[in-house]
Structures are given as C-alpha cells and as structure tokens.
C-alpha cells in the first residue's frame, strides 16, 4: 500500500522548463499542499521539495523576463517619446 502512496506523491513530471507559468504555479501549489500534509516519507518530501525548487526558479525567471518586456514596452527616451523597436517573435 505504501507504493500507491508514493505514486500519488510524485506523479510523472514534465521538465519544469516545458511547463507554462500557470501550469508550473498549479504544480507548485499541489507540491506545497502535499508537503504540508505531513503524510510523505522523507524521500518523497525531498523529491517534491527538489521539484518545487526547480519550478520556483523557472517561474521566477519567467516573471523576470515578462517584467523586462513590460519595461521595454513602456520605455521613453530623454525627450519623453516612446522608445519604439521591433519585438522579437517567439
């Protein structure tokens, strides 16, 4: 029966880089809930903590990139004119 609990605690994971921000946030929330439940073994907790750390770092990098893009879009030059440049297509 412990094997079934282990499967629920650590489902198959996609690489954190492949997840979009919203999906990563949902997974991170689920990880926090599982860790706070107190029902996991030490090994399961460490595994989920590692995954959560990766998700957190990746999500923070995505937020930083979005903030930079917004700053670029709102930039003005020394004359108070909007700075216009072509955006890189993604």
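Peptides 37-47, 19-29, ordered by how many other C-beta atoms sit within 10 Å of their residues on average, highest first, read 19-29, 37-47. Among 32, 84, the order by Cβ neighbours within 10 angstrom, fewest to most, reads 84, 32.
Here the range 14-90 is treated as a sphere whose radius is the Kirkwood value from Cα pairs; by Stokes-Einstein at 4 °C and 1.567 mPa s it diffuses with a coefficient of 87 µm²/s. Computed extension gain for residue 67 through residue 29, at 0.36 nm per residue and net of the alpha carbon distance, reaches 11.5 nm. Counting neighbouring Cβ atoms within 10 Å and putting the fewest first, the residues 54, 69 line up as 69, 54.
Every number here is computed from the coordinates shown, using simple stated rules; none is lab data. Bear in mind that the values here come from a model prediction, so they are computed numbers and not experimental data. Neighbour counts are summed over all protein chains in view; Cβ atoms, including those assigned to glycine, are modelled from backbone coordinates with ideal geometry.
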